[in-house]
Structures are given as structure tokens and as C-alpha cells.
Amino acid sequence: MCLAVLALHHLSGVPVLIAANRDEFHERPTQAAAVWPGGKPQLYAGRDLRAGGTWMGVDERGRYALVTNFRDPQNLLTDAPSRGALVEAYLRGDARPADYLADVHTRAARYNGFNLIVGDTASAGYLSNYDGAPRALPPGIYALSNHLLDTPWPKLMRLKAGFERVLQASPQPNLPALYEALADSTPAADDELPHTGIPLERERLLSSPFIVSPNYGTRASSVLALHADGRGELHERRFSPEGVVIGDSDLAFAWQRATLEASERTAAHDRLK
């Protein structure tokens with residue numbers, strides 16, 4: 001995951017809405033967004049078939065997480081664990097967002113640079129191993145790319161502006177409009193480019209919200225919505241190296257039902273004590 005905009009407790013009836021692009025090498029093996037087989041809680045996500053884990057996912061309890069890399073090519077660890085495992089571990093576990101991020105913070109130096117957002121329909125938090133201690137995310141709109149949260153890179157500002165226009169224009173989630181915003185392939189002007197230690201030509205390529213090139217580019221666009229009435233939806237649109245749509249996944253689930261069932265089990269257990 002390399003670019004995401006999140007509306008957290010900002011929209012009436014939709015406490016969580018996320019629109020994101022995953023940029024990756026086209027040769028890296030990937031499984032499309034799907035219901036993960038086996039185990040509880042039930043997970044909904046794509047899967048990285050090389051290192052395991054996922055870049056963004058949600059579970060049946062309404063817990064969600066996403067990770068982006070922090071671009072710092074001069075400081076790469078060759079034996080670092082998978083950053084995608086941080087997403088899966090949160091979704092598999094029971095820790096509150098703040099507690100999970102506090103735990104990851106104690107071992108964050110083992111990983112290559114990352115930004116991690118985890119949350120549920122009650123709270124959310126953010127951690128980067130380039131930005132000190134984790135912090136809570138109060139209601140609002142946030143944008144994340146390959147630097148710190150809300151760093152005003154041109155691609156980030158373009159997507160955030162497009163996202164906000166969609167929110168103002170129609171009830172949410174407006175899937176076609178969100179996909180259109182994510183498909184913005186406008187590059188930044190050279191004088192607006194960040195300086196992240198990669199060649200200028202590469203900075204230009206990576207400066208658009210939607211990236212098209214033969215070897216590396218936007219592999220998928222995703223939209224996640226958690227509704228206050230208990231409905232959840234995860235949509236994924238996948239692309240060829242030419243930027244052509246090659247597949248869609250549309251997953252629906254009931255997160256509130258799972259949460260209520262867990263609460264009922266806890267209450268029943270307490271009554272037996």
C-alpha cells in the first residue's frame with residue numbers, strides 16, 4: 001500500500017471510509033482481495049504471496065489496518081521482517097489499537113521504514129518508525145503515502161482533494177467516483193517533487209497518485225467502508241502494467257453481528273463465573 005486517504009468518524013453513518021492504491025512491482029505474486037480461508041476471526045484482504053501478510057485488510061469485527069513503506073533507500077535492512085505481517089497480526093489479535101501500536105513501537109527498529117494505521121469503529125491510531133511514539137487519530141480526514149502521515153507530497157494532496165470532492169458531492173461510499181479519484185495519473189512538476197534519495201526520473205514516475213510503468217505501478221485500488229448499521233464492504237480493482245482494469249473483487253460482510261456475538265459470548269462467560 002503506497003497511498004491512502006481515510007475519513008474516520010467524519011461521515012454520518014459511515015465511521016470508516018478508506019480509499020487506497022497499492023503500488024508494487026508487477027512480478028511480485030499477489031492474491032486478489034478475498035475471504036481468507038480458515039480460522040477466526042474471518043479476514044477480508046488481498047495477500048502478498050512472497051512475504052505473507054497484507055497491505056490492507058479488515059476483519060468481521062470491524063477491525064482494520066493498513067501499512068505503507070517509508071521511502072528511505074539509503075537505510076534498508078536486508079533481514080527485516082515483513083511489514084505486511086504487522087497488518088495481519090493486528091487483525092488476528094484482540095488488542096485495542098493503542099495497545100497494539102504501543103507493542104509494535106517497542107520493536108519497530110527491526111523493520112524497514114513503515115507507516116501503520118490500525119483501528120476499529122471506536123478508535124484508531126498511527127505509528128511510524130520514523131516518527132517517535134504512536135498517536136491516536138481523532139475524527140477527521142487523513143492522508144498517507146511514503147513519508148509521514150499528512151506530509152504534503154503533491155500526489156497526496158491531489159488524492160486528498162479529490163477524495164474530499166467526492167465526499168461533498170454524494171452519499172458515501174460512491175464507488176465509481178472514488179475509483180476515479182484513485183485513477184489520477186497526473187505527475188507532479190519537477191519543482192514540487194520530494195527528494196527521497198532516488199533518481200529524478202524515478203521521483204517523476206512515483207509522483208502521480210496512479211502509477212503506470214512496465215515493471216512497477218499501481219497494482220490495485222481499494223475502497224473499504226464500515227457502516228454504522230453493521231454493514232461492511234471491501235472493494236478492490238486490479239490493473240495490468242498498462243493501467244488497464246483486469247479484475248474486480250466486491251466483498252460484503254456484517255461486522256456488527258460478529259461484534260455483538262463476541263459480546264454475547266463474553267457476557268455468557270461472565271454469568272458462569
message: Ratio of alpha-carbon Rg to the 2.2 N^0.38 Å globular estimate for segment 49-90, to two decimals, please.
response: 1.32
- line: Loop-resident chymotrypsin sites (Phe, Trp or Tyr not before Pro) in segment 206-244 with no more than 16 other Cβ atoms inside 10 Å, DSSP not H/G/I/E/B, are none
query: Which log10 I(q)/I(0) values, to two decimals, does segment 29-125 give at q = 0.12, 0.23, 0.25 Å⁻¹ under the Debye formula with one point per Cα?
result: -0.37, -1.25, -1.39
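If you take all C-alpha pairs in segment 110-152, what percent of them are over 13 Å apart?
When all Cα pairs of segment 110-152 are counted, 55 percent exceed 13 Å.
For Arg50, what is the net charge nearby, where nearby means another residue's Cβ is under 15 Å from its Cβ and Lys, Arg count +1, Asp, Glu -1? Could you put the intermediate results ahead of the total?
Working: positive: Arg22, Arg28, Arg47, Arg83, Arg219; negative: Glu24, Glu27, Asp48, Glu88.
With Lys, Arg at +1 and Asp, Glu at -1, the neighbours total +1.
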Relative contact order [Cα under 8 Å, 6+ residues apart], the chain, whole percent: 22 percent
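Can you give the longest stretch of the chain with no exposed loop site, where a site means GluC sites (Glu not before Pro) in a DSSP loop (not H, G, I, E or B) with at most 11 other C-beta atoms within 10 Å?
The reported range is 28-241.
Which of the three applies to segment 1-49, rounded, prolate or oblate, going by the alpha-carbon gyration tensor with a ≥ b ≥ c and a/c under 1.5 meaning rounded? Walk me through the numbers on the way to the answer.
Numbers: a/c = 4.13, a/b = 1.33, b/c = 3.10.
In terms of gyration-tensor shape, oblate.
How much net charge surrounds Ala225 when only other residues with a Cβ under 10 Å from its Cβ are counted (Lys, Arg +1; Asp, Glu -1)? Before the final figure, lay out the partial values.
Numbers: positive: Arg231; negative: Glu233.
Every neighbour counted, the sum reads 0.
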- prompt: In a GNM of the chain with a 10 Å cut-off on Cα contacts, which of Leu43, Leu200, Leu66 has the highest mean-square fluctuation?
  reply: Leu200
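Would you tally the net charge around Phe25, using a Cβ to Cβ cut-off of less than 14 Å, leaving Phe25 out, and scoring K and R as +1, D and E as -1? Kindly include the intermediate steps, with their values, before the conclusion.
Working: positive: Arg22, Arg28, Arg50, Arg202, Arg219; negative: Asp23, Glu24, Glu27, Asp48.
Around Phe25, the charge tally is +1.
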message: With only alpha-carbon pairs counted, each pair once and no self-pairs, how large is the Kirkwood hydrodynamic radius of segment 143-244 in angstroms?
response: 14.9 Å
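Based only on the alpha carbon positions, what is the Kirkwood hydrodynamic radius of the chain, in angstrom? Each step should come with its number before you reach the end.
Working: mean 1/r = 0.0528 Å⁻¹.
With all distinct Cα pairs of the chain included, I get 18.9 Å.
Throughout, read-outs are computed from the coordinates displayed, never taken from laboratory work. Because the structure is predicted, anything quoted here is derived from the model rather than measured. Positions of Cβ are generated from backbone atoms using ideal geometry, with glycine treated the same way; all protein chains shown enter the neighbour counts.
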